[in-house]
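A short write-up of the structure that comes next.
Read the figures in this text as sums done on the coordinates, not as results from a lab. As the structure is a computational prediction, the values presented were derived from the model and not from experiment. Counting neighbours? That spans all protein chains shown, and the Cβs are built from the backbone with ideal geometry, glycine included.
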Amino acid sequence: MLKIITAVIGRDLKLAMRRQADIVSALFFFVIVVSLFPLGVGPEPDLLRKLAPGVLWVAALLATMLSLPRLFADDHRDGTLEQLALAPHPLGLVVTGKVIAHWLVSGLPLALIAPVLGIQFDLSADALLVLTFAILIGTPALSGIGAIGAALTLGLRGGGVLLSLLVLPLYIPVLIFGAGAVDATVTGLGGEGHLSLLAALTFASLGFAPWASAAALKIALE
Amino acid sequence: MKDRFNLYRFASPATFYPFAGTLIPYFVAVSVVFGLAGLWLGMLVAPTDFQQGEGYRIIFIHVPASWMSMFIYLVMAGWAAIGLAFNTRLSGMMAQALAPTGALMAFLSLLTGALWGKPMWGAWWVWDARLTSELILLFLYIGYMALTAAIDDPRRADKAGGLLLLVGVVNIPIIYFSVKWWNTLHQGSSVNLAKSSMATTMLWGMLLMAMCFWMYSIAVALMRVRTIMLERERHTDWVKAELLGKAGEEK
C-alpha cells in the first residue's frame, strides 16, 4: 500500500522536476499577488499587519488553484491515467500519492516563502512562525479538496474557471482557520485551537478526498 | 403484475412524464391557495410588530425562501445518492431540475434579507454567520449548475454533479461551523434576530407561506424535469408520440 503511494509520488516529482518553470511560475504568482495588496490599500504598517494573514491565505488559495488543472490533465491526455485506473491497486491510493506530490511542489514552496512575504507586511516573529506553520499544515487540505474538483472538471472546456467555482467555496474553512490562527496569535489569544482544527481538516481531506476524486476520475474515464 | 402499484415503474421517464403532468396542476393550485391565505394572514391580519414596525412582514417571504434553499440542497443530494447507488436516470434529472429553484430561493433569501437589514440594522449586508453561509450555499448551487452545464454527455453530467452534491453536503456543516466560529471570534456578539415570542397569526402566516413555497418548488421542479426528459429522450418513440399527439391536438 505504501509502495504504490511512494511510487506515484516519486514519478510525479520527477515529472515536476523536468518542468520546473510550472512550479516557479505558481510561486511567483503568489509573490506578486501578495505584493499587489500594499500598492492597493496603502503602506500604513498597522493596516498591513491586520491584512497580512488574510491576504497571504487568499493568495495561497489562488496559487494552489493555478496548478490544480494540471494534476490529472497531462496523465489523462497521454493515457497514463487509464493505465493507472486499470492497475490492480485501488485508484484512491494512486490519487493519494498524486495529492501528496502536488502538495510537495505547490504547497510546500508557498510555506517556505511565506515568512519573507510576512516581513513585507511587518508581522512579528511569533506571527511569522504561526503563519508559516499554518500554511505548512493547511495546504495539504487544499491539494486534497482541489483534487476532487480537478477530477470532476477533467477534460471539460473552461475547466480552469469551472474548477475555481467548484473548489473555492469548499476552501472557506481552511481560509478561516488558517488566517484565524495568525490573527489569534497577533491579538494574544493563541493560535493553537485554530491550528488543531486546520490539522483536522488536513487529515480529514487527505483521508476522504482521494476516494471521492477516484470516483470522479472513474466517471470521467467512462 | 401490471395492475399492482409499483414505485419503480415511475423511475422510467416514459411513465413519469405523464404522471408528473397530471400532478403539476394540483401542486400549482395548492400553492396558490396557500400563498393567498398566507399573504392575507401575513399582510392584513398579523399585528404590527412593536419593535420592527411593518418592515418585519418581509419574513413571510424571507424565512420560507431560506428554508427551501437549504432543504432543496438536501433533496438534491438525496437524489444524487440514489442516482449514484442505483444508477437510475430519473435521479440526475430531478437533481438538475431542482437546482435553479434552489439557487433562486437562496438568492431571494439574500435579497429579502438585505432589504430587511437596511431599515432594521442600518446596513444592507453584515458578515453574520447566517448570511455568510447562505451566500456560500448560493455559490454551491452555482458551482453545481456550472458543472452540469459544462458537461455535454448527460449521464456524465448527472454523475459528476451528483458527486459534487455529496461532497458539498458533507462540507456544509464544516463550512457552517467554521463561519460561525469565525464570526464570533472576529466581532464578538453581532446582530441578534431578537427572537421574541411570535404572535400565533405571524407563525401561521409563515407556515402557510412555507407550504406555498414548498408546493411551488415541487410544481416548478416537475415542469422542469418534464422538459429535461423531452430533451434527453428525444430519440425515443414515446417522446415522438407525445409531441405528435400535442401537434395533432393543436390542429
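Listed values, structure above:
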read-out	value
Helix B:154-187 axis, angle to chain B major axis (alpha carbon atoms, nearest 10°)	10
Degrees separating the helix B:200-232 axis from the principal Cα axis of chain B, which is the longest one	30
Entries in A:3/A:218; A:218/B:180; A:218/B:240; B:159/B:180; A:3/A:98; A:50/B:118 that, when Cα-Cα distance is taken, lie over 25 Å	A:218/B:180; A:218/B:240; B:159/B:180; A:50/B:118
Principal-axis tilt of helix B:129-150 within chain B, Cα atoms, nearest 10 degrees	20
Helical contribution to [θ] at 222 nm, DSSP H n ≥ 4, -39,500 (n - 2.57), averaged over chain B, rounded to 500	-27000 deg cm²/dmol
Shape metrics for the protein assembly as shown, restricted to C-alpha atoms - Rg then Dmax, Å	25.5, 82
Average beta carbon contacts from partner chains per residue of A:164-174, 10 Å cutoff	6
Label-to-label distance, nm, for residues given as residue A:18 and residue A:203 (7 Å Cα→Cβ offset)	3.7
Relative contact order (%) - region A:2-221, alpha-carbon pairs under 8 angstrom, separation at least six	27
Average Cα contact separation per residue, chain B, under 8 Å, 6 or more apart, as relative contact order %	36
Over region A:2-221, equivalent-ellipsoid semi-axes from the Cα gyration tensor in Å	32, 18, 15
Shielding of B:152-159 by partner chains, average beta-carbon count, 10 Å	3
Of B:236, B:29, B:176, farthest towards positive along the dipole that unit charges on Lys, Arg, Asp, Glu beta carbons give chain B	B:236
Dipole magnitude of region A:2-221, debye to nearest 20 (Cβ charges: Lys/Arg +1, Asp/Glu -1, about Cα centre)	680
Estimated [θ] at 222 nm from DSSP helical runs (n ≥ 4, -39500 (n - 2.57)) normalised by residues in chain A, nearest 500	-29000 deg cm²/dmol
Protection proxy ranking, peptides A:144-154, A:102-112, average beta carbon neighbours within 10 Å, highest first	A:144-154, A:102-112
Region A:184-222 and region A:55-82: distance between their alpha carbon centers, rounded to Å	17
